[in-house]
1. Could you calculate the FRET efficiency of SER213 with THR165 from 1/(1 + (r/R0)^6), where r is the beta carbon distance between them and R0 is 41 Å, rounded to 0.05?
2. Between ARG241 and ALA43, take the C-beta separation as r, use R0 = 41 Å, and let me know the FRET efficiency to the nearest 0.05.
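Readers should treat all values here as calculations from the given coordinates under stated rules, not as data from a laboratory. Note that this is a predicted model, so its numbers are computed, not measured. Neighbour counts are summed over all protein chains in view; Cβ atoms, including those assigned to glycine, are modelled from backbone coordinates with ideal geometry.
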Amino acid sequence: MLPEEETQSYHYQVMRRAIDHIDRAEDPLQLDALAAEMGMSPAHFQRLFSRWVGVSPKRYQQYLMLGQAKRMLRDSFTTLEASDALNLSGTGRLHDLFLRWEAMSPGDYARKGAGLDIYWGWFDGPFGKMLVMGTDKGICGLALVSETGEEAAFADMRNRWPEATVTEAPERLTAWVNTVIGNGEPVEEAAPLHLIGAPFQIKVWEALLAIPSGQVTTYSEIARAIGTPKAVRAVGTAVGRNPVSWLIPCHRALRKSGELGGYHWGLPVKRAMLAFEAARAEA
């Protein structure tokens, strides 16, 4: 039984420090050296790390190497144009949990949230502290704050729907959050997402929901999949404006070269997500 402080968020903070240390190292680090940097015994660090990600620190380092994204594109690329890979039925499977979603009408979106009640709260998640926002219909926002800080993340999300009424009420979101992050309980009902965006953005986010965990795609492939092959730059902008990070997996979109590209909540978080999912897929 883990001590109470060792939550999912704590696990991620340990791993994030490990990632930063690995990035500074010129060569792969041995377990003893990495554990010492984390202030833990090798055995404790190995157990904690392996419990979180499903593989050893040594194996995980291999997923964080520069060429991993390119290997994912070569070996695990998901072709969104294939009818059996593109799931546009309104459901998506993510982290072995079901999500269901519906989109706000274009007229409602144009009103910038006027007449809309949005509830918010802070939660611990696998990738650090999260700001979660939701309407009566479902989760409409999820920000990861380990790189940006809480104040900046809240302002970012709040400014997306400036005319909405925003109220702190985490109790209205807890059941949905527990479903999407997993808490060891059986999932009896899908967690709803309420997508608030322009029609083009929603088409892009819909395509992102079709990318399986542990796989990646490119911005150009998404553009082709939604019928606008020349709109690669616009697709990249829409990916970056995804308000429901991680649940709508914008971190799985890479540049055609295999480079990670940008990530709204910080590249260390994106790298951690991709490594986490790739290692879990292998495990």
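1. Working: r = 35 Å, r/R0 = 0.84.
Plugging the Cβ-Cβ distance into 1/(1 + (r/R0)^6) gives 0.75.
2. Values: r = 44 Å, r/R0 = 1.07.
For R0 = 41 Å, the calculated efficiency reads 0.40.
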